[in-house]
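The values are calculated or read from the model by the stated rules, or taken from the named source; none is laboratory data. Source: prediction; values computed, not measured. Note that each Cβ is placed from the backbone with ideal geometry, even for glycine, and that neighbours are counted across all protein chains shown. Note: accessible area is taken over every heavy atom of the protein model, side chains too, but ligands, DNA and RNA are not part of it. Shrake-Rupley method; radii C 1.70, N 1.55, O 1.52, S 1.80 Å.
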Amino acid sequence: MKRIIPILIALLLLSGCGAVSAEKTYRQITMEEAVTMMEEETGYIILDVRTAQEYGEKHIPGAINIANESIGTEDISELPDKDQLILVYCRSGNRSKQASEKLVKLGYTNIVEIGGINSWPGETVTGDK
């Protein structure tokens with residue numbers, strides 16, 4: 001019995017080392033990869049997290065605008081499906097990373113951060129919608 005206890009303790013300690021982290025996170029892809037994804041996928045949302053003024057100056061067609069600063073700890077009515085594919089961008093990529101982290105903390109499971117509109121290779125539109 002005295003020989004079995006140290007073996008069991010060692011097995012318990014070693015089994016903890018192999019545990020996989022269940023930390024939820026978001027994916028990052030390039031704008032070029034985002035273009036391909038938009039061609040292949042359906043039912044996604046393009047989320048512009050810049051200010052309303054920046055969004056009005058130019059944005060990706062079909063994008064909705066929710067400023068990074070307004071994303072907090074409460075559910076977002078414009079994003080009711082937490083499993084829906086959401087492609088997040090800003091001007092240069094900084095705010096989109098911040099917003100993506102916040103969205104994951106709110107329970108969104110399919111967040112893809114695509115960087116900044118400065119490197120968007122496609123067309124843009126102006127105006128509020």
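So which of Asn65, Asn94, Asn118, Asn110 is at pLDDT 95 or above, among the polar types (S, T, N, Q) and in contact with a helix residue (DSSP H, G or I) (Cβ under 8 Å, 6 or more places away or on another chain)?
Among Asn65, Asn94, Asn118, Asn110, only Asn65 is at pLDDT 95 or above, among the polar types (S, T, N, Q) and in contact with a helix residue (DSSP H, G or I) (Cβ under 8 Å, 6 or more places away or on another chain).
Of the residues that sit in region 103-116 and are out of contact with any Lys or Arg (no Cβ under 6 Å at 6 or more places or on another chain) and assigned to a helix (DSSP H, G or I), which one is most open to solvent (accessible area, probe 1.4 Å)?
Top of the filtered list is Lys105.
With respect to the numbered conditions (1) free of Cβ contacts under 8 Å to residues at least 60 places away in the same chain; (2) not in a strand (DSSP E or B), which one is the sole condition not fulfilled by Ser100?
Only one criterion is unmet by Ser100, namely (1).
For Ile86, are the conditions met, namely being under 15 Å from the mean Cα position of the chain (by Cα), closer than 15 Å to Met31 by Cβ, modelled with pLDDT of 95 or more and β-branched (Val, Ile, Thr)?
In short, no.
Residues that are among the β-branched types (Val, Ile, Thr), open to solvent by 40 Å² or more (accessible area, probe 1.4 Å) and in a loop (DSSP other than H, G, I, E, B): does region 62-75 have at least one?
yes
With the structure loaded, tell me whether Gly56 is in a loop (DSSP other than H, G, I, E, B) and either within 22 Å of Gly127 (Cβ to Cβ) or open to solvent by less than 60 Å² (accessible area, probe 1.4 Å) (or both) or whether it fails that test.
Values: in a loop (DSSP other than H, G, I, E, B): no; either within 22 Å of Gly127 (Cβ to Cβ) or open to solvent by less than 60 Å² (accessible area, probe 1.4 Å) (or both): yes.
In short, no.
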